[in-house]
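Scroll down for the structure; my scribbles are underneath it.
The values are calculated or read from the model by the stated rules, or taken from the named source; none is laboratory data. Treat the numbers as computed from the prediction; the structure is a model and nothing was measured. All Cβ positions, even for glycine, are placed from backbone atoms using ideal geometry, and neighbour counts span all protein chains on display. Areas reflect the complete protein model, heavy atoms only, side chains present, ligands, DNA and RNA absent. Shrake-Rupley method; radii C 1.70, N 1.55, O 1.52, S 1.80 Å.
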Amino acid sequence: MAHLIRHKLTNKLTNAAHTVSNKSQAKVSGVFARLGFQAATGEEGAGFAECDDLDYDYRQGMQMDVLQGEEEGGHVEGAGELDGDSHYQRDGTVRRPSSLKTGGSLDEDKPQITTWEAGWNVTNAIQGMFVLGLPYAILHGGYLGLFLIIFAAVVCCYTGKTLIACLYEENEDGVKVRVRDSYVDIANACCAPRFPTLGGHIVNVAQIIELVMTCILYVVVSGNLMVNSFPGFPVSQKAWSVVATVALLPCAFLKNLKAVSKFSLLCTLAHFVINVLVIAYCLSRARDWAWDKVKFYIDVKKFPISIGIIVFSYTSQIFLPSLEGNMQKPSEFHCMMEWTHISACVLKGLFALVAYLTWADATKEVITDNLPSTIRAVVNIFLVSKALLSYPLPFFAAVEVLEKSYFQDGGRTIFPDCYGPTGQLKSWGLGLRIGLVVFTLLMAVFVPHFALLMGLTGSLTGAGLCFLLPSLFHLKLQWRNLLWHHVFFDVAIFVIGGICAVSGFIHSIEGLIEAYKYNLHD
């Protein structure tokens with residue numbers, strides 16, 4: 001009898017160890033996606049949306065283990081310590097609680113990243129491919145556009161810190177402990193107890209919109225770059241967008257990002273080289289720079305769109321909770337945010353200014369279209385390759401959020417599961433993915449305007465996720481611990497962000513309507 005009991009306990013511990021190991025492997029894949037393919041798409045930090053889902057699955061799995069152990073009348077090691085992630089210490093010196101069944105440390109199960117690696121991810125998120133639209137923002141804003149690049153960096157750095165502060169609460173000893181894991185957790189905490197899931201749904205919808213719009217922008221920019229690279233070809237921008245989408249259809253069959261993450265570092269390096277080439281060409285024409293064209297006036301009708309473009313280029317708040325939770329030293333998060341945003345501000349400002357000084361009023365929506373035809377085709381082909389290889393990550397993250405929010409979660413979602421009992425993707429689930437790819441094509445075909453779409457996305461979801469919600473959540477969750485100047489900053493950012501979001505959204509919609517009418521007239 002004793003041997004039988006010992007045998008059963010051994011089997012349970014072995015199964016639990018395999019479960020935790022599988023979770024660990026999933027998280028390692030997530031980190032590779034962040035450290036690898038995240039560098040390719042960078043702009044939205046979309047890879048961390050998947051990490052949030054993995055964290056959610058992990059916590060739910062651990063809670064189910066505890067419940068099962070209690071029902072069986074057994075004692076589960078470490079069950080008394082289960083309380084969200086309340087043992088994530090702010091100073092990064094206290095180790096996290098032991099794994100519930102293996103007795104090991106969660107530090108062994110959860111991959112950790114250094115401060116430099118975290119900074120690399122944030123840098124890629126806010127200095128990605130979409131900085132190519134910043135000179136166009138200077139065209140309509142002049143020196144005020146440069147000021148806005150600095151202002152947006154300061155505000156996004158501040159709201160990133162306040163968002164992380166919302167993950168923590170003080171215990172009875174006055175020590176800050178981590179009690180939340182993601183942007184969704186923060187939103188749900190703010191809406192509790194009346195609407196405990198409303199905030200999470202709002203954030204999920206905003207994430208989906210931003211991720212899908214990012215996919216659309218990749219298709220738009222691919223068509224734009226190709227038609228300007230080969231103007232002699234009898235192929236329109238819409239036709240090039242269709243060709244790009246055909247190449248992207250295999251994304252619907254992706255089960256993970258291992259197949260595409262290998263190219264991420266090469267894409268990032270290629271993009272860095274392209275930026276250097278553009279700046280070098282601009283510097284070679286420094287004698288012809290049009291300083292008199294940079295003024296303090298603004299185009300009242302188009303400058304709000306520029307605000308959305310600039311804000312969109314700084315969006316990284318979606319993945320910051322997962323990033324900070326995976327850092328070896330969370331206490332260095334604030335310092336990391338500061339130097340990454342300072343460097344981004346300097347590089348973006350210089351890039352936008354020298355590019356605008358070079359081409360002045362002839363500055364186009366995508367600055368590489370201004371390059372001489374001799375090098376434009378080569379540079380644009382590299383950028384198209386980067387865009388196509390960057391597309392799978394926001395697409396995959398959007399699919400994951402959709403499936404987790406509306407098609408999975410143990411039967412508690414609106415629609416049935418996309419996967420069969422063996423984990424095989426159902427035919428209608430595959431159809432959903434193909435439909436999403438086709439939807440990005442239709443949007444790119446009917447609204448082929450890079451700057452307007454970028455401004456619309458920045459005004460709608462960028463301002464909301466980076467300005468409005470972090471300020472509101474900080475005031476709601478940390479009210480008792482805030483100093484007067486923090487309250488002033490949060491209120492000011494909320495008001496300014498609201499004004500920018502509304503004005504940018506309205507002017508972007510008006511611009512899209514005018515562009516659509518113009519296309520019909522043609």
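Okay, here's what the table says:
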item: From P231, P193, residue being out of contact with any Cys (no Cβ under 9 Å at 6 or more places or on another chain) and more than 28 Å from L453 (Cβ to Cβ); result: P193
item: Given (1) among the β-branched types (V, I, T); (2) buried (at least 18 other Cβ atoms within 10 Å of the Cβ); (3) without any contact (Cβ under 8 Å) to a residue 24 or more places away in the chain, number of the condition T422 does not satisfy; result: (2)
item: Filtered residues of region 410-457 (kept if basic (K, R) and at pLDDT below 85); result: R412, K426
item: Test result for L146, at pLDDT 90 or above and closer than 17 Å to A463 by Cα; result: no
item: Residues of region 147-175 satisfying the condition of being out of contact with any strand residue (DSSP E or B) (no Cβ under 9 Å at 6 or more places or on another chain) and open to solvent by 30 Å² or more (accessible area, probe 1.4 Å); result: F147, I150, F151, V154, Y158, K161, E172, D173, G174
item: Every residue from region 178-189 that is modelled with pLDDT of 90 or more and open to solvent by less than 20 Å² (accessible area, probe 1.4 Å); result: R178, Y183, I186, A187
item: Residue count for region 170-224, restricted to those that are part of a loop (DSSP other than H, G, I, E, B) and acidic (D, E); result: 3
item: All helices (runs of 4 or more DSSP H) inside region 301-373 with 1 or more residues being open to solvent by 10 Å² or more (accessible area, probe 1.4 Å), in contact with a Cys (Cβ under 8 Å, 6 or more places away or on another chain) and under 30 Å from G232 (Cβ atoms); result: 333-359
